[in-house]
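Read the structure below first, then the notes.
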Amino acid sequence: MKYNFMPVVFFLNNARYKYVSKLTIKLLEEGFDLQEHFLALRRYHFMELADWADLFIMSLWNHRWNVTEADQRLSEIQGLLELSLQRSSCERDLKKDKLFVYMKGHAMAPLSTFSTGVHSFSFLGLGYRVDWPISIILTPGALKIYADIFSFLIQVKLAAFSLTDVWCSLKLLWRSKAPSKVKALAWLVVHGKAHTLCCVLWLSSFCSFYYAILGILELHGCYLA
């Protein structure tokens with residue numbers, strides 16, 4: 001009589017895989033600060049501590065760019081990033097030194113061809129250095145998702161800064177002796193921009209919540225693998 005040992009082999013292999021996976025995660029957590037890396041990614045790429053991000057984006061917004069070469073501009077942006085981190089509440093965070101900026105997509109394209117407005121820095125990516133064995137979990141694909149979230153939040157903040165500038169200009173116009181028709185048009189522009197910004201911010205909040213849930217599931221998936 002022949003016995004089918006395949007179910008038993010499958011069960012043993014599955015049990016062995018779960019045991020090794022949990023052991024690996026425990027080793028990465030206790031020996032290589034895996035959880036701290038996840039928290040750092042949320043802190044910076046999700047802008048959970050937003051003071052450094054506000055300083056960084058305002059520096060980008062107000063900086064006078066005198067170079068057009070990609071590598072030179074990236075070098076300047078890296079300097080602005082490091083200065084913003086030093087002036088923020090993240091000054092003593094050891095993980096901040098793992099952050100770096102890079103150019104997404106067409107690395108050889110001249111910077112004069114990039115978009116303006118909220119898309120002014122759509123070419124910019126925020127990287128995070130990881131070493132082996134943390135790179136087993138934080139793969140290049142996973143880090144790219146975090147970078148895409150960061151790029152989207154930059155656009156939201158640039159939109160907010162733009163609206164603030166417009167609002168200040170229109171308040172000066174309203175206090176001036178401009179004709180009533182001009183003032184009425186100004187208020188229409190303000191309400192239109194405010195509506196647009198509310199939609200963008202709502203989308204941002206939804207995406208932040210969505211990716212926060214994914215981050216939790218990601219951690220749980222590591223534990224339950």
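Quick notes
- Count Lys and Arg as plus one, Asp and Glu as minus one, and take only other residues whose Cβ is under 13 Å from that of Asp51; the net charge is then 0.
- Net charge contributed by nearby residues that have their C-beta within less than 12 Å of Phe123 (K/R +1, D/E -1): +2
All of the numbers you see were taken from the coordinates with simple rules; none came from a lab. Fair warning: this is a prediction, and the values are worked out from it, not measured in the lab. Every residue, glycine as well, gets a Cβ built from its backbone with ideal geometry; the counts of neighbours run over all protein chains shown.
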